[in-house]
1. Looking at (1) part of a helix (DSSP H, G or I); (2) within 14 Å of chain A (Cβ to nearest Cβ); (3) under 18 Å from B:I341 (Cα atoms), can you tell me which one B:A396 breaks?
2. May I ask you to list the residues in segment B:15-48 that are assigned to a loop (DSSP other than H, G, I, E, B) and within 14 Å of chain A (Cβ to nearest Cβ)?
3. Look through A:S38, A:S128 and report the one residue that is at pLDDT below 90 and small (G, A, S).
4. Filter segment B:412-434 down to the residues that are at the interface with chain A (Cβ under 7 Å from one of its Cβ atoms) and of a type in the set (A, V, I, L, M), then identify the one that is farthest from the chain's Cα centre (by Cα).
5. Could you tell me which residue of segment B:49-74 is surrounded by the most Cβ atoms within 10 Å (Cβ to Cβ), considering only residues that are in a helix (DSSP H, G or I) and of a type in the set (A, V, I, L, M, F, W, C)?
6. Output the qualifying pairs, or none if there are none: Cβ atoms under 7 angstrom, residues six or more apart or on different chains, first residue in segment B:321-336 and within 14 Å of chain A (Cβ to nearest Cβ), second residue outside any helix (DSSP H, G or I) and charged (D, E, K, R).
7. Please work out which one of (1) at pLDDT 85 or above; (2) in the same structural domain as B:L344 (by TED's automatic domain parsing) is the condition B:V467 fails and give its number.
Amino acid sequence: MVNENDLRTIIEQVLADMNLNSKDGSSDTAAACDTCSSKTTIEEGFIPDVTEVDIRKQYLVKNPVNKEAYYDLKQYAPCRLGIGKAGARYKTDPMLQFRAAHSAAQDAVFSDVDQDFIDNMGLFSVSSQCDSKDVYLTRPDLGRKLNDEAVAAIKEKCKMNPTVQIYVSDGLSSAAVAANIGDVLPAIEQGLKSYGVTIGTPFFLKYGRVGAMDQISEITGADVTCVLIGERPGLITAKSMSAYIAYKATVGMPEARRTVVSNIHSEGTIPAEAGAHIAEIIKKILDNKASGTDLKL
Amino acid sequence: MHETILSVGIDIGTSTTQLIFSRLTIENLATSYTVPRISIVKKEVIYRSDIYFTPLLSQTEIDAAAVKEIIRSEYQKSGIRPGDLQTGAVIITGETARKQNANSVLSTLSDMAGDFVVATAGPDLESVLSAKGAGADKISQDNREVVGNIDIGGGTSNIAFFQKGILRGTCCLDIGGRLIKVENNRITYLFPSIQKLAALHQIQIQVGDTADQNKLSRICDLMAQQLAMAIHLEEPDAFHKELYTNQGNLLPSSPTLQGITYSGGVADCIYTEKPGDVFQFGDIGILLGRAVKRYPAFSKIRVYPAAETIRATVVGAGTHTTNVSGSTISYASSRLPIKNIPVLKISAEEEQEPGLLQKALQDRLPIYETDGAMEQVAIALTGEYHTSFSQIQDLAKAIIAGAGSVLATSYPLILVIENDIAKVLGNALNYMLERKKDVICIDGIHAGDGDYIDIGEPVAAGRVVPVVTKTLIFNS
């Protein structure tokens, strides 16, 4: 057993040692502060923008067996391949690119489509029963239902019983809408006009899920309803858009009755060409009076 | 989705005439959630004819009736009727293409060989087809190398080379196994350039001479040397340029060749030793094969086995002439198929600026007039510079403004584009022309100025059309 006196001696000794250490430590800190406070120099220039890097052209593997062959392979798709490693981890540059892509994806989800853009496209705006992005993301059911103002506005402003009702929705990527609608929408309209198909009044639906098209179909009484909607962003592009098209959609109908054209963006299907393709699909749906798996394209 | 197209290849060469049938499988490679991407996924040769000596009436005339009889009997043997075919090519190659009646033979056969079969020839095309038949393009692509093919036939040697599967150049020179013919141990035929080549190296030779194997072997060595020069394994000498068919061009010297395949009738004598009399075929083919095999310069590069040797050209003609267009296109189906349409290619510079494009069309379309009447013509563009909707409208306006002379005829307006914009451009044109004019607007096809194009009837539920682009029918 250690008696009280011994214990006190030990503690005093330990405290004395600690004191000594902290003295040394404080002098170290002081020395370090001397250097850091010495001078801040401001350099000209900027940190390169990691999002400017074309990942098809970036090959970072050290001592490759056949760099050329791997590089050629990379040209087929913008995948994160051949980006090397630092120990078990990503290298700095790919790591930053990865985080930049992730941020762009989050921005695409959380930002709104610019109202000026919607106005310039000549669209009026309505909203689903969601009143914020948070509600939109947590309550998919509300994203499939229009609010009362929306129902009223559509009844008031849209041509009723059109052959084709087209509308635009933000979905999970506002960036996709901004990037593609300007080419896709007029290309669909022109294609349908050249087939002699008339189109209803297009509009914009905020906080919309794909399923909202069913209610819109019921309100307008359209033969074919087509929504152009932002896709859930990935790390390759945040600007990919889809078109979901259905013949006489009704609330509660099976998902299999929708025809979809996805991957519409500048690196995927060229938006204007996609629009022309969608117009043809709509024509086929009208001719066959069927969509989704009921229609063999 | 699977669909097959039946294709025929008929090759009437200097020494042999052959036919093959092949089956091309087309498939949509895209998922059903995206825009279709229909490609040829498989090419199989399903019937190979016997190999016939090309029947000639004289040194300058093909025996059309006999050729026709050969083809007719092969159709019968195979059980395939002309009506079963969707595509293919009849090709007159090598020295035969220079015969007086080559063109009329082609048209006779073209009519018999099916509804959509093209008649074509030309040494550049032959070089490409034989190299593809031999598989040099595939070896080059698979091994990421620069690989060439020398198709040594009776009258010409056709060379094409590829870098990573992409064509880098072609040439054709008058080196072949039947440029000297031997019968009963006497020389019965001698091609003038070969006589001259021999004379330059102090070897005198004439028709009627006894066939001296040593002397002919030395001439074959000289011919092998010329081939080595043609693929830049040796520096070309002063005479070399004279051997090019129709004053054609030399092969580009870069990229440097790494491997080679041999095809054509002589190739069999390179890859394998032919036993028996060296003049068993009545020509110097066996000697030429041996000469190429032993010529030292050729050992500098790797020799690959060819997928086809004597049949390389016909297999190439039957399986590698047809492409399919892009899968989003616009066409007036009542107008298809169309054949032998000359291509007017707009330069990149002219294409970028609508004003220049309009002017280029206005300036150059009159070339396709015959006696003041406009003939059919296909306008070719890259489509790289107009991809947004509003740019497409500008492009369509410029085309309509520039192609007034085509619009005034009863012919359709035909556009052939590389980049994937044909459907939206076709829609824009149809819209602006109020569908009063038939428009055929296809993409995924590269065509050059002076090429001819054939567009077949739609396949794959009307999504794509088979397309054959050809270089000039005949180099005169």
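1. Evaluating B:A396 over (1) part of a helix (DSSP H, G or I); (2) within 14 Å of chain A (Cβ to nearest Cβ); (3) under 18 Å from B:I341 (Cα atoms) leaves (3) as the failure.
2. To start, the set of residues in segment B:15-48 that are assigned to a loop (DSSP other than H, G, I, E, B) comprises B:15, B:29-37.
Residues satisfying the conditions are B:L29, B:A30, B:T31, B:S32, B:Y33, B:T34, B:V35, B:P36, B:R37.
3. Answer to the check: A:S38.
4. The initial filter retains those residues of segment B:412-434 that are at the interface with chain A (Cβ under 7 Å from one of its Cβ atoms), namely B:420-421, B:423-424, B:427-428, B:430-431.
Then keep just the ones that are of a type in the set (A, V, I, L, M); that gives B:421, B:424, B:428.
Working: B:I421: 27, B:V424: 31, B:A428: 34 Å.
Residue satisfying both the conditions and the ranking: B:A428.
5. Selected residue: B:I71.
6. Taking only residues 6 or more apart or on different chains, the pairs are B:S325/B:D443; B:G326/B:D420; B:G326/B:D443; B:S327/B:R37; B:S327/B:R463; B:T328/B:D420; B:I329/B:D443; B:A332/B:D438.
7. Among (1) at pLDDT 85 or above; (2) in the same structural domain as B:L344 (by TED's automatic domain parsing), the lone unmet condition for B:V467 is (2).
Residue by residue, here is whether (1) within 12 Å of another protein chain (Cβ to nearest Cβ); (2) not hydrophobic (A, V, I, L, M, F, W, C) holds:
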| position | (1), (2) |
| --- | --- |
| A:N263 | yes, yes |
| A:A274 | yes, no |
| A:D287 | no, yes |
| A:A290 | no, no |
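The values are calculated or read from the model by the stated rules, or taken from the named source; none is laboratory data. Values in this document were obtained by computation on a predicted structure and should not be read as measured data. Cβ atoms come from the backbone with ideal geometry, glycine included; neighbour counts cover every protein chain shown.
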